[in-house]
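Working notes for the structure below.
Read-outs throughout are calculated quantities, based only on the coordinates presented, and are distinct from any laboratory measurement. Worth saying up front: this structure is predicted, and the values here are computed from it rather than measured. Backbone-built Cβ (ideal geometry, glycine too); neighbour counts: all protein chains shown.
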Amino acid sequence: MFTRIEDFAAEWTNEAELTASVLDALTDDSLGQEVIEGRRTLGQIAWHLVRSLHYMTTLGLVFDEPSGGEEAPASAEHIASEYRRISRDLLHAVRTQWNDETLRESVEIHKEVWPNGGSLHYTIMHQSHHRGQMTILMRQANLRLPDVYGPTYDTWSEKGLAPLV
């Protein structure tokens, strides 16, 4: 749980850059990739990740929702650009509308009580969860994976190193 706005801001900035790098690697053709038929596509997961940030408005933050509606866009560039915009807007809203005391306040969400600082932490973890799902589908779609928390198999190989097994 975050207890200081600037601690959240530092972690959010790093995590948002990692997420943006994953979204930047998507192509329009890859958006339809499914793990199995009938499940969310890569594009649907990516768009859910973008749209889910607006959920923070239920905690009292005010910022615009992503443009494009609920259905996943056919443009990977639109998904990535909307992510960048809404992630900046979320950070700006937290910095200007909340303070360190606000992080200790709690809000009821689906009949559970969540401190605002915990909700911010959950938002980062939710984003990481979907980034992980996306990288599997990206590999299946033959996309080059960006380095997220460490080098990928491709990065090791390009450096002439034996990838760790």
- [ ] Counting residues in the chain as N, plug N into 2.2 N^0.38 Å and put the Cα Rg over that result.
- [x] 1.11
TODO: Would you mind counting up the charge near ASP89? Only other residues with Cβ under 15 Å from its Cβ, with Lys and Arg at +1 and Asp and Glu at -1.
DONE: +2
Open item on the list: Give me, ordered by chain and number, the residues 5 or more places off VAL107 or on other chains with an amide H under 5 Å from its own placed amide H.
Closed with: TRP114, ASN116
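What list do you get for LYS111, LYS159 if you sort them by fewest beta carbons within 10 Å?
Placing the least packed residue first, the sequence is LYS111, LYS159.
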Task: Span from the the range 10-28 Cα centroid across to the the range 68-140 one, whole angstrom - done: 12 Å
